[in-house]
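**Q** Following this message is one structure expressed as structure tokens.
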Amino acid sequence: MERIDIQTDEVAWDDDQRLLHRGELFTGEAVTYNWLDEVTSLATYVDGFRDGVQREWYDGEEPKSEMTVHNGRVVGTAREWHPNGQLAKEQRFGEDGLLTSETLWDEDGQPIGGHGKL
């Protein structure tokens, strides 16, 4: 699978917000790096659209977020973490991309809200 650096390779976005690499719709992995050359995000694209697992990291190590995108919609479980590694948010989406539940936690892991089943 082709992998590009979204910050330095020849990339652009078309009017439909599809990722182009060297003028062509991109299929593969797009990554970003921090100043230490650590991966800070990884996204999979098919024909210019995000499709598959998308991940972000704090300074390339601690997880920041993770979600799955299919046909341009977030599906399944999406998670975000606090910088200390504690889970901050968990959202569940249906195959139609609609949010079905959400739970939030503070930096100590205590529940602070959410909507449960929507």
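A short reminder: the numbers here are calculations on the coordinates, not readings from a lab. Worth saying up front: this structure is predicted, and the values here are computed from it rather than measured.
**Q** What are the principal axis extents of the Cα atoms in the chain, in Å, biggest first?
**A** 46, 37, 23
**Q** Then there's this: What do you get for Rg/Rh of the stretch 57-118 when both radii come from the Cα atoms and Rh is the Kirkwood radius?
**A** 1.02
**Q** Can you give me the relative contact order of the stretch 1-50 as a percent, contacts being Cα pairs under 8 Å and 6 or more apart?
**A** Across the stretch 1-50, relative contact order equals 35 percent.
**Q** Under the definition of Cα pairs under 8 Å and six or more residues apart, what whole-number percent is the relative contact order of the chain?
**A** Relative contact order of the chain: 13 percent.
**Q** Would you mind giving the three semi-axes, in whole Å and largest first, of the ellipsoid equivalent to the stretch 1-50 according to its Cα gyration tensor?
**A** 19, 11, 9
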